[in-house]
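Derivation of every value follows stated rules applied to the coordinates shown; laboratory data play no part. Keep in mind the model is a prediction, meaning the values are calculated, not measured. Using ideal geometry, Cβ is built from the backbone for each residue, glycine included, and neighbour counts are taken over all protein chains shown.
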Amino acid sequence: MAVRLAPVRAVLFDLDGTLVDSATDLGAAADRMRVARGLPALDAGLYRPHAGSGARGMLSVAFGLQPDHAAYAAHKDEFFVHYEACMMDHTVPFEGVAQLVRSLTERPLVWGVVTNKSARFAEPLTRALDLFATASVLVCGDTTPHTKPHPAPLLEAARRIGVPPDACVYVGDDHRDILAGRAAGMQTVAATYGYLGAVADPGAWGADAAIKSPLGLLELLSPA
């Protein structure tokens, strides 16, 4: 018997790796830094599994840098400059996302985005894509004092749309998304088509359900 979520009034999504595929642009920004230093370019496929970790993931692949390294902060700032310049070159919604959003609005269900991406990048990205014209809320990584896996961003999104957390479902492609959603009292869905690293095990995240494609979410939602 197929899994069904309890009825909800709103669907909230992570951004990168869940709604949009931004891996190529994220990797390109880091690779530009390598080339500028006389280092050989890396295959884009090396960056992709780490795209969900943003600057941290890209700098780890490109330079082996971790946040506790003395040079990390300067590299991160440089990465942001490069990413800002190329962030819409190849970023597009995943296949099926546009149809999913249309179906949600027809039900009708409120939908929105909760991302750890800072407003500096998330706001222009969502403005540039027609997909987000019907989104009711965008909570960014710097909207609240905390980022996921803390529940504060999700609770802020629920407050802004006027829907109780227990009437929301949160969909994301990272373990921290599921942790945040559960801590906020929301139902959770793991998007396994996103940027899962080789060691990721979505089955161990504790999500209420998992989907292999964006449209798989519709099969989980109770009929309109």
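For the reader, a short list of remarks on this structure follows.
- Dipole magnitude of the chain, debye to nearest 20 (Cβ charges: Lys/Arg +1, Asp/Glu -1, about Cα centre): 320 debye
- Ranked by the mean number of other Cβ atoms within 10 Å of their residues, highest first, the peptides 6-12, 84-90, 210-216, 16-22 fall in the order 16-22, 6-12, 210-216, 84-90.
- Taking a Cβ cut-off of under 11 Å around residue 137, the surrounding Lys, Arg, Asp and Glu residues balance to a net charge of +1, with basic ones at +1 and acidic ones at -1.
- Cα centroid separation, region 30-94 to region 166-206 (Å): 24 Å
- Qualifying trypsin sites (Lys or Arg not before Pro) in region 141-210, where qualification requires a DSSP coil assignment and no more than 14 other C-beta atoms within 10 Å, are lacking entirely.
- Ranking of 134, 126 by neighbouring Cβ atoms within 10 Å, starting from the fewest: 134, 126.
- Each residue of region 20-30 is assigned a 3J(HN,Hα), and the resulting list reads 10, 9, 10, 4, 5, 6, 4, x, 5, 4, 5 Hz, derived from the Karplus form 6.51 cos²θ - 1.76 cosθ + 1.60 (θ = phi - 60°), x at Gly and Pro.
- Among (1) 53, 51, 30; (2) 68, 39, 37; (3) 56, 33, 31, the entry that matches Cα extents along the principal axes in Å as calculated here: (3)
- Residue-wise HN-Hα couplings along region 130-143, as the Karplus relation 6.51 cos²θ - 1.76 cosθ + 1.60 with θ = phi - 60° gives them from phi, are 4, 3, 8, 4, 9, 5, 8, 7, 9, 10, 9, x, 10, 6 Hz; Gly and Pro carry x.
- Between the amide H of residue 21 and those of 92, 94, distances stay under 5 Å, these residues lying 5 or more places away or on another chain, with hydrogens modeled in the peptide plane.
- Relative packing of peptides 100-109, 39-48 - highest average C-beta neighbours within 10 Å first: 100-109, 39-48
- Protection proxy ranking of 113-120, 73-80, by the mean of other Cβ atoms within 10 Å over each peptide's residues and highest first, is 113-120, 73-80.
- Other residues lying with their Cβ under 13 Å from the Cβ of residue 43 contribute a combined charge of +1, Lys and Arg counting +1, Asp and Glu -1.
- Binned Cα-Cα distances of region 23-86, short to long, each 5 Å bin given as a whole percent: 4, 22, 34, 28, 12, 1
- Summary value for the chain: 27 percent relative contact order, contacts being C-alpha pairs under 8 angstrom separated by 6+ residues.
- Neighbour-count ranking [beta-carbon atoms within 10 angstrom, fewest first] of 177, 68: 68, 177
- Dipole axis of the chain (+1 Lys, Arg; -1 Asp, Glu on Cβ), positive-most option in 179, 49, 213: 179
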